[in-house]
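What follows is one structure encoded as structure tokens, with my remarks underneath.
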Amino acid sequence: MYPQPALPGCWWHPNRQTGLSCARCGRPACPECLREAPVGFQCTDCVHAGAQQQRQQHRQYRSSSLGEQTIAGARPSNSVVVTATLLAVNVAVFLITVIQAKSLFDNGNAQLEKLGELWTYPTLGGGEWWRIFTSGFLHYGPIHIAANMFSLWLIGRALEPVFGRIRFLALYFVSMFGASTAVLLFDQPNQPSAGASGALFGLMGCYAVIVLKLRLNPTWLLITLVVNAYITFSVANISILAHVGGLVTGALVAVALLYAPERNRARWQAIGLVVIVVALAGLVIWRSTQFPALQCQLEMLRGYESYVCGR
């Protein structure tokens with residue numbers, strides 16, 4: 001008989017012979033130095049190294065925005081700082097117009113209102129493109145501002161955590177752009193309008209897409225729509241076309257954000273938003289070719305300061 005070869009000693013306890021080894025590194029190990037692993041048994045060093053590697057990969061996964069995400073691809077957060085900032089800016093602008101007009105209920109005569117409200121002739125003929133967005137921060141009277149800010153707070157608190165700050169800002173301003181585009185295309189050229197409701201209807205259009213996608217209860221959405229519809233018909237100089245344009249644009253933005261492929265989602269979302277913005281800009285530019293160049297300025301007419309456009 002041939003003598004049996006001696007078993008190797010444990011890597012950590014050389015005086016202990018063992019026929020076992022680590023399934024990961026292959027080093028001989030006694031039963032005391034082995035731990036059960038998903039595949040076989042591993043030594044304590046490999047178990048510790050594997051746990052460190054797993055934690056590092058998890059951190060990299062989260063930092064690359066591939067970890068926990070909302071349905072829009074944003075990191076989960078309860079922050080509503082953008083909503084609060086937009087609300088504060090709207091209220092501040094309203095107070096400025098009240099001071100300028102020296103009237104809480106008749107602030108439409110304020111100089112800031114006349115220079116910023118959406119009016120087709122100065123916007124397209126006079127080249128005052130800023131009115132497309134400044135009009136979204138102007139309001140006529142306390143009921144108008146109160147209703148819109150109440151809606152903004154309700155809808156913003158629901159949507160901003162879902163979309164994150166950047167996507168929510170994009171949703172808000174692209175919806176505002178769509179609302180103004182509808183007014184410039186189809187409304188009476190000599191009828192000024194203002195208000196955040198165009199952007200707010202864009203948020204509601206977005207929320208409608210979420211309701212359909214996730215099959216949520218639409219009651220809250222319907223109540224908000226009814227309240228804003230009442231304001232639409234009860235306050236002067238509020239454009240129904242702006243509401244429709246904002247609603248449709250917001251829904252399109254929601255589709256671009258929510259239905260983008262998961263792989264390279266941010267890039268596809270950006271491409272979708274760019275397509276929508278370019279389409280709206282193209283419509284506005286086309287519409288502007290139908291108006292002659294105009295000179296617009298503030299003038300005193302019959303004792304009142306008015307904004308006049310002429311060749």
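The values are calculated or read from the model by the stated rules, or taken from the named source; none is laboratory data. These numbers come from a predicted model, not from an experiment. All Cβ positions, glycine included, derive from the backbone under ideal geometry; neighbour counts span all protein chains shown. To get the accessible areas, we keep the full protein, side chains included, count just its heavy atoms, and leave off ligands, DNA and RNA. Shrake-Rupley method; radii C 1.70, N 1.55, O 1.52, S 1.80 Å.
Given q = 0.16, 0.18, 0.22 Å⁻¹, what are the Debye log10 I(q)/I(0) values for region 1-44, with equal point scatterers placed on the Cα positions and solvent ignored?
For region 1-44 at q = 0.16, 0.18, 0.22 Å⁻¹, log10 I(q)/I(0) is -0.40, -0.49, -0.65.
Considering the zone a paramagnetic label at I71 would reach in this model (a point 7 Å from Cα along the Cα-to-Cβ line), which residues of region 254-276 have amide N under 16 Å from it?
254-262
Checking the a/c ratio against 1.5 first, then a/b against b/c, what shape does the Cα gyration tensor give for region 179-294?
Verdict is oblate for region 179-294.
Taking the chain as a Gaussian network, where each spring joins two C-alpha atoms under 10 Å apart, which residue of Q188, Q17, Q295 fluctuates the most?
Its mean-square fluctuation being the largest, the pick is Q17.
Helix 44-63 against the longest principal axis of the chain: what's the angle in degrees, Cα atoms only, rounded to the nearest 10?
Around 10 degrees separate the two axes.
Rounded to the nearest 0.05, what FRET efficiency is calculated for Q17 and R55 with R0 set to 51 Å and r the Cβ-Cβ distance?
For Q17 and R55, the calculated efficiency is 0.90.
Any chance you could give the angle, 0 to 90 degrees and rounded to 10, that helix 197-214 forms with the longest Cα principal axis of the chain?
For 197-214 against the chain, the angle is about 40 degrees.
Before anything else, pin down the relative contact order of the chain: Cα pairs under 8 Å, at least 6 apart, normalised by residue count, whole percent.
Relative contact order for the chain comes out at 16 percent.
As a check on your grasp of the helix formula, calculate [θ] at 222 nm for the chain: sum -39500 (n - 2.57) over DSSP H runs of n ≥ 4, divide by the residue count, round to the nearest 500.
-19000 deg cm²/dmol, from helical runs alone.
Would you mind computing, in nm to one decimal, how far apart the modelled labels at V81 and Q191 are, each placed 7 Å from Cα along Cα→Cβ?
For the pair V81/Q191, the computed spacing is 4.1 nm.
With a probe of 1.4 Å, find how much accessible area the chain has per residue, and write the answer as a whole number in Å².
56
Residue separation times 0.36 nm, minus the C-alpha to C-alpha distance between R311 and L212: what's the value?
Length difference between fully extended and current span is 30.7 nm.
Enter the Cα centre distance for the pair region 79-146 and region 34-56, rounded to the nearest angstrom.
Result: 63 Å between the Cα centres.
Where does region 255-311 land on Rg(C-alpha)/(2.2 N^0.38 Å)?
2.02
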